[in-house]
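**Student:** Please find one structure pasted underneath; my questions will follow.
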Amino acid sequence: MKIDKRIVLGLIFIVVIVGSAFLLEHTVKVQGSNSARIIPVIQNNETIAFVDAGVIEQLREQEHAMREVSEGSDNTGEVSLEFVLGSVGGFDYRYIEVKGLDDSETWRLEQSKLDPAIVLSSNMSGTVAMINSEDGRQILIKAIKEIHLIK
Amino acid sequence: MNQPEKEELAAELSSPLDRFMFDLGLADLMRLSMFGTLIAISKYVLRIPMHLPGHSSIYWMGLLVMGKGLIPKFGSGIIMGLVSGILAVVLGLGKEGVFVFFKYFIPGLGLDFLAVLFFYKLESIWVGAICGALISLSKMLVNLLLGIALNIPMVFLAMGLGFTSITHTVFGAAGGALAAIVIKRLKPRLANWE
């Protein structure tokens, strides 16, 4: 095979790799959103961040390190919604609206009433639940699909 | 020992370092080590505030392609990858710990096979750019695989992967093309390098 043909093949190979990268990103985004494994945080109709169970776990570790809570405490696997929103760069909003995988599940609260007791906890299925840790560990949303920050 | 054996031994002893490793002489290995060191050091010293993923490929892949073009023998990419990978681990470059070695080694290994496919014509701008882009993409793929192995959340790994692949391609190709120009100018002057 001549060098010119190999150059063309090389260019095609590059296009295939770049295309595969876009395809993988799109697939992860669509599948994750449909199954609530990836949660978009939306502000002013713009997605400012994505979070998943892995991110929640890392934020939990950071929050616990900051507040010096021991690992043996009963709220392991949970991070406050307030801390998550602060970490993803959410600011200048009045309401928080959290939508569940089941369309009937929607939870809305004023930012000023945001309580550290409202925590996010990762489920076995890789989704994230919202719980009120003080009110008898009441499950507010079983599997979060979207978080909206409204002005 | 009979006469032919003695002559063979004498010939081997007269040039003991002609074939040190991968058909490379000791002088070649020293030059390749220099290129490998340059790759690791440049990554450590040059911190261009571009905030674009893969921008370091412009000099990283450039130096790799240049080393391979000036010492066009199989194994030269592997040696540069080995040296830069070991130095990256020792200098503590990257966030992957000892696994950072693979990020430096795999592009070198890939370049050895790519150069064979392109008949070692790395002085051609097209070949240099394609090789630079492909080895830059191989670095991105190693990053992705290391992230999966190290349990980094998929959100961090997959989001923006398309854009990252484009920047890796562009910077890698730019580095490879620049290296091709340098090889074209330098190669005739290095005819008696040995």
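**Student:** Hey, can you tell me all the residues within segment A:128-143 that are under 18 Å from residue A:60 (Cα atoms) and touching an Asp or Glu at 6+ places or on another chain (Cβ under 9 Å)?
**Tutor:** A:128, A:131, A:132, A:133, A:134, A:143
**Student:** Just one of A:18, A:98 is of a type outside the set (Phe, Trp, Tyr), at the interface with chain B (Cβ under 10 Å from one of its Cβ atoms) and open to solvent by less than 80 Å² (accessible area, probe 1.4 Å); which is it?
**Tutor:** A:18
**Student:** Same structure again: Of all the residues that make up segment A:21-36, how many are open to solvent by less than 30 Å² (accessible area, probe 1.4 Å) and within 7 Å of another protein chain (Cβ to nearest Cβ)?
**Tutor:** 3
**Student:** Would you say residue B:78 is touching an Asp or Glu at 6+ places or on another chain (Cβ under 7 Å), within 25 Å of residue B:149 (Cβ to Cβ) and among the β-branched types (Val, Ile, Thr)?
**Tutor:** Taking the combined requirement at face value, the residue satisfies it.
**Student:** For segment B:21-56, name all the residues that are assigned to a helix (DSSP H, G or I), within 21 Å of residue B:75 (Cα to Cα) and open to solvent by less than 30 Å² (accessible area, probe 1.4 Å).
**Tutor:** Correct list: B:28, B:29, B:32, B:35, B:36, B:39, B:40.
**Student:** Can you name every residue in segment A:38-67 that is open to solvent by 60 Å² or more (accessible area, probe 1.4 Å) and either touching a helix residue (DSSP H, G or I) at 6+ places or on another chain (Cβ under 6 Å) or at the interface with chain B (Cβ under 9 Å from one of its Cβ atoms) (or both)?
**Tutor:** Those that are open to solvent by 60 Å² or more (accessible area, probe 1.4 Å) and either touching a helix residue (DSSP H, G or I) at 6+ places or on another chain (Cβ under 6 Å) or at the interface with chain B (Cβ under 9 Å from one of its Cβ atoms) (or both): A:57, A:58.
**Student:** Any residue in segment B:152-177 that is facing chain A (nearest Cβ under 7 Å) and more than 11 Å from residue B:56 (Cα to Cα) sitting within a Cβ distance under 8 Å of a residue that is aromatic (Phe, Trp, Tyr) and surrounded by fewer than 20 Cβ atoms within 10 Å (Cβ to Cβ)? List the pairs, counting only those 6 or more apart or interchain.
**Tutor:** Filtered contacts from segment B:152-177: B:161/A:22; B:162/A:22; B:165/A:22.
**Student:** Among the residues of segment A:128-142, is there at least one that is among the basic types (Lys, Arg), touching a residue at least 12 places away in the same chain (Cβ under 8 Å), open to solvent by 70 Å² or more (accessible area, probe 1.4 Å) and in a strand (DSSP E or B)?
**Tutor:** no
**Student:** Could I ask something else about it? So if I check each of B:181, B:106, B:166, which one is under 15 Å from the mean Cα position of the chain (by Cα) and either more than 30 Å from residue A:127 (Cα to Cα) or modelled with pLDDT of 95 or more (or both)?
**Tutor:** B:106
For every residue, the table says whether it meets (1) under 16 Å from residue B:183 (Cα atoms); (2) within 11 Å of chain A (Cβ to nearest Cβ); (3) not aliphatic (A, V, I, L, M).
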{"residue": "B:77", "(1), (2), (3)": "yes, no, yes"}
{"residue": "B:84", "(1), (2), (3)": "no, no, yes"}
{"residue": "B:107", "(1), (2), (3)": "no, no, yes"}
{"residue": "B:110", "(1), (2), (3)": "no, no, yes"}
{"residue": "B:134", "(1), (2), (3)": "no, yes, no"}
{"residue": "B:138", "(1), (2), (3)": "no, yes, yes"}
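The values are calculated or read from the model by the stated rules, or taken from the named source; none is laboratory data. Computed from a predicted structure; not experimentally measured. Positions of Cβ are backbone-derived with ideal geometry, glycine not excepted, and every protein chain shown enters the neighbour counts. Calculation scope for accessible area: heavy atoms of the full protein, side chains included, ligands and nucleic acids excluded. Shrake-Rupley method; radii C 1.70, N 1.55, O 1.52, S 1.80 Å.
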